1. Does Ile144 satisfy being at pLDDT 85 or above and surrounded by fewer than 24 Cβ atoms within 10 Å (Cβ to Cβ)?
2. Restricting to the stretch 1-54, and then to whatever is modelled with pLDDT of 75 or more, among the β-branched types (Val, Ile, Thr) and within 30 Å of Pro184 (Cβ to Cβ), can you tell me which residue is farthest from the chain's Cα centre (by Cα)?
3. Identify all residues within the stretch 165-190 that are without any contact (Cβ under 8 Å) to a residue 60 or more places away in the chain, assigned to a helix (DSSP H, G or I) and in contact with a helix residue (DSSP H, G or I) (Cβ under 8 Å, 6 or more places away or on another chain); write none if there are none.
4. Six or more apart or on different chains, Cβ atoms under 6 Å: show the pairs whose first residue is in the stretch 225-252 and surrounded by 15 or more Cβ atoms within 10 Å (Cβ to Cβ) and whose second is assigned to a helix (DSSP H, G or I) and among the acidic types (Asp, Glu).
5. Name the single residue, out of those in the stretch 95-130 being in a helix (DSSP H, G or I) and not hydrophobic (A, V, I, L, M, F, W, C), that is modelled with the lowest pLDDT.
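The values are calculated or read from the model by the stated rules, or taken from the named source; none is laboratory data. Everything numeric in this text was worked out from a predicted model, so none of it was measured. Note: ideal-geometry Cβ built from the backbone for every residue, glycine included; neighbour counts use all protein chains shown.
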Amino acid sequence: MMIDRFLILLARHATTVLATGVFVGLMLPPLAAAMRPLLVPSVFVLLCAAFYRLDWGAVAGHVQRPILIAVVAVWLLGIMPIAMWLVVDALGVSPALASALVLMASAPPIISSMPFAQLLRLDVPLAAVAVFVGTLIVPITIPIMALNLLGLEIDIGSLELMLRLVLLAGGAVAVATTLRVAVPAARREPVGRGVDALLVVFMVVFAIAIMDGVTATLLARPAFVFAMIGSAFIANLGLQAVGACVFAALGARQALTVGLINGNRNMALILAALAGSTEYDMLLFFAVGQIPIYVLPALLGPLYRWLCERADRRFSNRE
């Protein structure tokens with residue numbers, strides 16, 4: 001049917017569609033303002049859709065390698081926030097930007113890590129497990145790391161932040177699990193294709209909604225906004241490079257996967273949890289931080305694929 005072909009086409013060109021959504025939000029401020037109330041609900045729907053489509057067989061396979069999963073989780077949610085805090089402290093970054101960068105490094109991988117990993121021909125199961133484990137444990141790690149250990153200045157208590165994150169992440173897992181049980185096995189794949197497209201649609205909704213107010217700030221304070229955008233790109237690329245280098249011993253495909261999930265963090269989850277509880281400059285960073293998340297996979301795709309193909313050729317030559 002026409003609608004099915006459209007949904008498949010939408011999911012297949014996810015990166016282009018998502019990058020377009022960001023710029024639509026910037027170019028059409030009234031649309032971004034109209035979609036602003038959908039911001040938090042879209043984050044919840046995205047989590048539900050991602051967990052519904054999670055490959056539980058792949059998760060089970062990687063669970064048999066608990067040491068690798070534990071090391072990756074500690075790296076993502078333990079070491080990275082401290083490392084980022086040390087960097088921003090040494091550079092003398094402004095308090096709002098410093099807090100935003102540390103929270104970025106404290107967040108779990110974005111839920112689109114799985115389709116991005118598939119498009120880039122990386123280790124999809126590893127990305128899936130990292131998303132699942134990271135999202136489940138982040139309600140504990142962020143309050144401990146960001147608020148208690150590093151003492152970030154956020155207008156919300158650690159217990160309240162933990163509760164909000166539990167409701168978002170835990171609620172999404174509960175809804176996704178209920179749907180998987182309710183949908184007959186024969187219908188899961190057709191339903192799953194619709195969920196894939198739904199995932200893209202709500203990512204676009206989120207991308208447009210989060211740009212509310214950014215255009216006005218860009219016109220009023222262009223240098224400040226461009227500095228925020230530059231910081232987001234530098235942080236994303238830097239985290240990707242560091243993650244890939246540190247885990248190089250795993251092989252190119254897995255190392256690049258760790259790099260991908262290390263740089264692309266689910267700031268949307270943090271934003272939803274902090275809604276109404278933090279200053280505008282920090283929210284602005286979370287908004288413009290979506291630009292590299294949506295743009296870089298399309299730009300870096302050829303490089304990622306070339307590195308993987310090069311590693312595959314080396315492996316074949318050794319055999």
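1. The answer is no for Ile144.
2. Val45
3. Val166, Gly170, Arg188
4. If the second residue must be assigned to a helix (DSSP H, G or I) and among the acidic types (Asp, Glu), no pairs are left.
5. That would be Pro115.
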